[in-house]
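To start, the structure itself, in structure tokens.
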Amino acid sequence: MTIGIGIPRADGAAKVTGRALYVDDLRPEGCLYGATVRSERAHATVLAITLDPSYDWTGITLVTARDIPGRNLVALITEDQPALADGVVRHVTEPIALVAAPTRDRALEAVKHVQVTYGDLPYNLDPEAAEGHPVAIYGTDNVFKRIAIDKGAAAGTVAGIVHEGTYRLGLQEQLYIEPQGMIASPREDGGMTVIGSMQCPYYVHKALKALLGHDRLNAVQAATGGGFGGKEDYPSMVAAHAALLALKTGKPVKLIYRRDEDLRATTKRHPAIFRIRSVVAPDGRLLEWTASTIFDGGAYNTLTPVVLSRGILHLTGPYRCENVHLSGVAVATHTPPNGAFRGFGAPQAMWAVERHMDRIARGIGVDPLVLRRLNLLRDGDTTASGGVLTDTGGFAVLDAALAAAEAPLPPITRHPGAGTNHARGRGLAMVFHGCGFTGNGEAYIKGKVGLELRGSRVTILTASTDIGQGTETIFPQIVAAELGVPLEWVDMAPHDTDLVPDSGPTVASRTTMVVGGVAQKAARKLREALQAETGLATGDIATLLAARTSSAPLRVEHQYIDDGSVQWNPDTYQGDAYPTYGWSCAIVDLDVDRDTGEVLYRRFISATDVGRAINPVLAAGQLEGGALQALGWATSEEVVLDARGCMRNDRLTNYIIPTAADAPEMVTLLIEIPFAGGPFGAKGIGEIPMDGPAAAVAQAIEAATGAVLDNLPMTPERVLGAM
Amino acid sequence: MIRFTVNDQDVALDAPPMSRLLDVLREGARLTGTKEGCGEGECGACTVLIDGVAVNSCLVPAIQADGCRVTTVEGLASDGRLHPVQEAFLRFGGAQCGICTPGFLVTAKALLDANPHPTRAEAREALAGNLCRCTGYQKIIDAVTEALAGPDVDAAATSTPAC
Ligand code: FES
Ligand code: FES
């Protein structure tokens, strides 16, 4: 059995020897280098694009919106975002033109000599002023999406103890260590191949098809140096630009972002504001919960409606309440579009919910832990949208994490001043996270996986990519286990849209749970196909293979089938919002330096219900990596915008992510409460580690110092200010 | 003309003297294992050893390596055998997306050459110049501190119990 063992990752040997090829490691014959001319204004008409006459333009090609053969857009949910601004720019860093040159240095140099003449227009950067703002960015009211969910008695009609709070958080950058990059190469048939850093090859394919006006094209994933959502939709933009340059020059064009450009221009986690009003009984039981939110989508829609949707659906946290009123809007501002980032709206919501639970605990004088236990959801409870819960793991993860927290803390070794003027605190947060697409998303996408048998080798054909999380290892584990064959018999085809079917995007904690499940069913089909071919009834693959007389490859494909187990109404937001939920408890121990406000992490414990760990080492790796992104979000990661909405701290020296010395020792507990709909019981786990840590940190800071912080990030200045 | 030894091979390359060692290695010597994450000395993805000392090759003018011994990730394995820290990264799950991995491995080699049995705190300090966004560092620190601990440690099984 190949399930539940921490085998080394399939792509590990290539990665530890430097053989793995990322997009910047590829250099096609005759390759040119691209660079992007970007808006310096938040909102303006583009009056003219001219070339500096004093610059030597030999060998340099310029592309503008006029060079687009198909439709000028980055096709995604809506069709509002152009590939290149045509006449008007709506945010700073919006792409206006492209250049290709024989060297990267010359391309970057040439960009500085493309002169853009702007006619300035009024703009708005403030999400709270966006709805109905006189300057329209999107539609007539600047609202990308509006959602409301009501359950139980009318708002404001329940009697009890009332608490109200407002919670805010800013942008967060994914900060994959490999910047965005793509190479486009003209094909002999007049088509185009793009290869690069991406999560979702078929998103890129869809975008290029609209842009180029044909589908003689394929998108190929190179080894990808992290994504975390940041390479869900933005690679379509990079691919579009590389393709336009390759089309005009007739040569392969490599387009790699510099770090500062990547930071300024690409999507980030949506900033949000939450207002929560709760009514509780004297013992802390939740009687009514009313929460509203504004998400800042930036200047174009991208994935914003879906992010808001997940945010709202997580806005009760993992707590039971019969009278719930949730509402939210996602609005347009003249800032770079925000997009997917691990958790996709849920971490924002969970921050507000957990902070509000602490407010209630403070208000009625109840232990925050007792309050959580009292209200925690269990099997049979209904969610805000009326879905009935099964396979809940709230109490299991809470008890496991608390038990682990009894162990003594690891020693402080790194700060020489440690212990002089430090205050120690512990904080805890409880979260749940809907696994897979919201509602009936899977029924829409209908992901496919193919299997191809050659001799005794089984190749998995899927568009689900490995961006570090382990798809290349986990899918073979699932297929080998289902077929009962050695792991060495199973491998993966390259993620090339010419070779693999559309499995849906690599997002939403769906890859193992949903697409892995499709792969498992494809494996069953393969066995059936072998039985049909050989006329044998046995399920034993070795026997079936031995009985085969044909040596022709055998190919099967399975497509996701909606079995009706998820009942969801997207118009009323009623029903099962997710196929199942993961559950997690985070406990952080930290010191606050009373003199500086700096937070020093000591130990981080998480217990997470993963359904079934297909590969416990990879699963723990996801949970640990996600947790540290959340701890960085909690205390150090802050995007500072200038008056035009441009990221000012666009370097790794001033956008601070945690180092190994900042990171706490981690204790990672995998709790397995199987989900019948997942392969071998697996639930999705990619995003849940992002949800809880920030709130646990806030509670710990409060325990240590009494400082109450309701806004993220909790930088040293903010901590000092609140003390 | 710059002459140096890269991974025990003598190399002579034409490159403008102020070109970055990173570019000379990647473009000139076609050793693309060394990565660029920031180009300004902050992420450590471009770490190589010059005469055994870890440096950020994006900050080092190639001319500075003239006459020196340069070691990149491609040079860590020898005689077809992985370096123990490479083995440990595989066993413990120290690499996820892998883009930071070459830099970590090279820095770790320099650490282990000087201190074969670092404590966890020493390893964290030594690796603080290398950024990883995927792992939370836990499994990297596991791998580096256990790399030379002996072959019988069943690392992967003990590090992450599934219960
Ligand atoms: S690329 Fe050299 S330190 Fe980041
Ligand atoms: S493994 Fe992805 S950045 Fe370290």
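The values are calculated or read from the model by the stated rules, or taken from the named source; none is laboratory data. None of these values were measured; they are calculated from a predicted model. Every residue, glycine among them, receives a Cβ derived from its backbone with ideal geometry; neighbour counts consider all protein chains shown. To get the accessible areas, we keep the full protein, side chains included, count just its heavy atoms, and leave off ligands, DNA and RNA. Shrake-Rupley method; radii C 1.70, N 1.55, O 1.52, S 1.80 Å.
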Check on A:Gly181, within 16 Å of ligand 1 (Cβ to nearest atom), touching a Cys at 6+ places or on another chain (Cβ under 7 Å) and within 14 Å of chain B (Cβ to nearest Cβ)
no
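Each row is one residue, and each column tells you yes or no for (1) in contact with a strand residue (DSSP E or B) (Cβ under 8 Å, 6 or more places away or on another chain); (2) open to solvent by 20 Å² or more (accessible area, probe 1.4 Å); (3) more than 18 Å from A:Val610 (Cβ to Cβ); (4) not in a helix (DSSP H, G or I).
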| position | (1), (2), (3), (4) |
| --- | --- |
| A:Gly439 | yes, no, yes, yes |
| A:Val485 | yes, no, yes, yes |
| A:Gly517 | no, no, no, no |
| A:Ala532 | no, yes, yes, no |
Just give me the residues in region A:441-452 being assigned to a strand (DSSP E or B) and open to solvent by 10 Å² or more (accessible area, probe 1.4 Å), in sequence order.
A:Lys448, A:Glu452
Might you check whether a residue that is away from chain A (no Cβ under 12 Å), within 16 Å of ligand 1 (Cβ to nearest atom) and surrounded by 24 or more Cβ atoms within 10 Å (Cβ to Cβ) occurs anywhere in region B:71-83?
no
Of the listed residues (A:Gly597, A:Gly632, A:Gly582, A:Gly625), the one being assigned by TED's automatic domain parsing to the domain that holds A:Val306, touching a Cys at 6+ places or on another chain (Cβ under 8 Å) and closer than 28 Å to A:Leu652 by Cβ is A:Gly625
Could you go through region A:351-364 and let me know if any residue there is among the charged types (D, E, K, R), farther than 15 Å from A:Arg320 by Cα, free of Cβ contacts under 8 Å to residues at least 40 places away in the same chain and open to solvent by 30 Å² or more (accessible area, probe 1.4 Å).
no
Filtered residues of region A:657-679 (kept if within 7 Å of chain B (Cβ to nearest Cβ) and part of a loop (DSSP other than H, G, I, E, B)):
A:Ile657, A:Thr659, A:Ala660, A:Ala661, A:Ala663, A:Glu672
So how many residues does region A:620-654 have that are facing chain B (nearest Cβ under 10 Å), open to solvent by less than 10 Å² (accessible area, probe 1.4 Å) and not aliphatic (A, V, I, L, M)?
6
Heads up, the strands (runs of 3 or more DSSP E) in region B:9-99 (entirely inside) with at least 1 residues that are of a type outside the set (Lys, Arg) and either within 16 Å of ligand 2 (Cβ to nearest atom) or within 23 Å of A:Tyr176 (Cα to Cα) (or both) are B:47-50, B:53-56
The one condition in (1) within 28 Å of A:Thr506 (Cβ to Cβ); (2) surrounded by fewer than 19 Cβ atoms within 10 Å (Cβ to Cβ); (3) β-branched (Val, Ile, Thr) that A:Val708 fails to fulfil
(1)
Region A:224-268, residues that are more than 16 Å from ligand 2 (Cβ to nearest atom), of a type in the set (A, V, I, L, M, F, W, C) and open to solvent by 10 Å² or more (accessible area, probe 1.4 Å)
A:Leu247, A:Ile256
Looking at region A:303-334 only, could you name the residues that are out of contact with any Lys or Arg (no Cβ under 6 Å at 6 or more places or on another chain), open to solvent by 10 Å² or more (accessible area, probe 1.4 Å) and either within 19 Å of A:Gly229 (Cβ to Cβ) or β-branched (Val, Ile, Thr) (or both)?
A:Val306, A:Leu313, A:Thr316
Filter region B:114-150 for residues that are within 16 Å of ligand 1 (Cβ to nearest atom) and within 21 Å of B:Gly52 (Cα to Cα); the one that is surrounded by the most Cβ atoms within 10 Å (Cβ to Cβ) is B:Asn130
For A:Ala107, all conditions in the list (1) within 25 Å of A:Leu73 (Cβ to Cβ); (2) open to solvent by 50 Å² or more (accessible area, probe 1.4 Å) hold save one; what is the number of the exception?
(2)
Expected output for region B:29-42 (first residue farther than 21 Å from A:Arg651 by Cβ, partner in a loop (DSSP other than H, G, I, E, B) and of a type in the set (Ser, Thr, Tyr), Cβ below 8 Å, 6+ apart or cross-chain) is B:Leu31/B:Thr72; B:Gly33/B:Thr72
Show the residue pairs that are 6+ apart or on different chains and have beta-carbon atoms under 7 Å apart, the first residue being within region A:478-489 and outside the structural domain of A:Gly678 (by TED's automatic domain parsing), the second being assigned to a helix (DSSP H, G or I) and of a type in the set (Val, Ile, Thr).
A:Leu483/A:Ile541; A:Gly484/A:Ile541; A:Val485/A:Ile541
With assigned by TED's automatic domain parsing to the domain that holds B:Thr145, within 16 Å of ligand 1 (Cβ to nearest atom), open to solvent by 10 Å² or more (accessible area, probe 1.4 Å) and modelled with pLDDT of 95 or more as the only criterion, which of B:Thr107, B:Thr101, B:Thr32 stands out?
B:Thr107
Kindly establish whether B:Thr119 is out of contact with any Lys or Arg (no Cβ under 7 Å at 6 or more places or on another chain), within 10 Å of ligand 2 (Cβ to nearest atom) and at the interface with chain A (Cβ under 10 Å from one of its Cβ atoms).
no
Is it the case that A:Gly684 is modelled with pLDDT of 95 or more, within 12 Å of chain B (Cβ to nearest Cβ) and under 22 Å from A:Ala429 (Cβ atoms)?
no
Matching residues in region B:133-148 - criterion: being outside any helix (DSSP H, G or I) and within 7 Å of another protein chain (Cβ to nearest Cβ):
B:Arg133, B:Cys134, B:Thr135, B:Gly136, B:Tyr137
